[in-house]
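Novice: Here's a structure for you.
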Amino acid sequence: MVKHPVVIAAFLLGSFAVAGTSLVAFTYRQTQPRILANERQALLDKLQALVPAASVDNDMLEDNLVVQDPDLLGADRTTVYRGRRLGKPVAAVFTSVVPGGYSGPIKLLVAVRHDGSLGGVRVVSHKETPGLGDKIEEERSDWIYSFDGKSLQDPQPRYWGVKRDGGVFDQFTGATITPRAIVRAVKNTLLYVAQQGDGLYAQPDPSDNKPGGS
């Protein structure tokens, strides 16, 4: 019995669809571990730019916790990566969010040393205007480095603002909203750390409970 051409076409299309789906699934399974490893390494590189690897002896990617304070940290849930050496706190890196960017939220990494000073700040992602607001990127200017070493004592809280507002941080020509929002977000992260104190490090390093952990 000769099958109808439409049936044959449908069968062929179905076969191609199954084969294509299987190929995509196979490719995904094969590449996913590599993708995850690359993402992990990229994040680790960013953390080590703020908290030098030589200053800690734990796995900061594993030693993390999620905190909730949208008023100060800008998001409902914020991941905190903690650095320790010989079990003692060294620094904490926050995935803080700037909700008041000119073109939308700005994602940051904010490293706060145990003494309350900043190890540094980096912009992870943003949608600010090219040529103006994008000067927050370290590839565009050195403005983001102006936070290095700053704390709530240097400068005093009332000076945590852009110079146009009486603060100590530069603004950009034609773009004040973006740096103003980032300065506020970094200050708020420092305020959160000051409120929490050593409570941020109270939860044990989970890697200590793994085989081979110290």
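The values are calculated or read from the model by the stated rules, or taken from the named source; none is laboratory data. Just so you know, these numbers come straight off a predicted model, no measurement behind them. No Cβ is skipped: glycine too gets one built from the backbone with ideal geometry, and neighbour counts run over all protein chains shown.
Novice: Working only within region 203-214, note down all residues that are closer than 11 Å to Gly87 by Cα and at pLDDT 65 or above.
Specialist: Scanning region 203-214 gives Pro204, Asp205, Asp208.
Novice: Taking interchain pairs and intrachain pairs at least six residues apart, which have beta carbon atoms under 6 angstrom, with the first residue in region 37-59 and in the same structural domain as Phe94 (by TED's automatic domain parsing) and the second in a helix (DSSP H, G or I)?
Specialist: Cβ pairs passing all conditions: Asp59/Ser207.
Novice: Where in region 62-153 are there strands (runs of 3 or more DSSP E), lying fully within it, with 3 or more residues that are within 15 Å of Leu200 (Cα to Cα) and over 17 Å from the mean Cα position of the chain (by Cα)?
Specialist: Those strands (runs of 3 or more DSSP E) span 88-94.
Novice: A follow-up question, please. For region 110-128, name all the residues that are surrounded by 21 or more Cβ atoms within 10 Å (Cβ to Cβ) and within 16 Å of Gln195 (Cβ to Cβ).
Specialist: Val110, Val112, listed by residue number.
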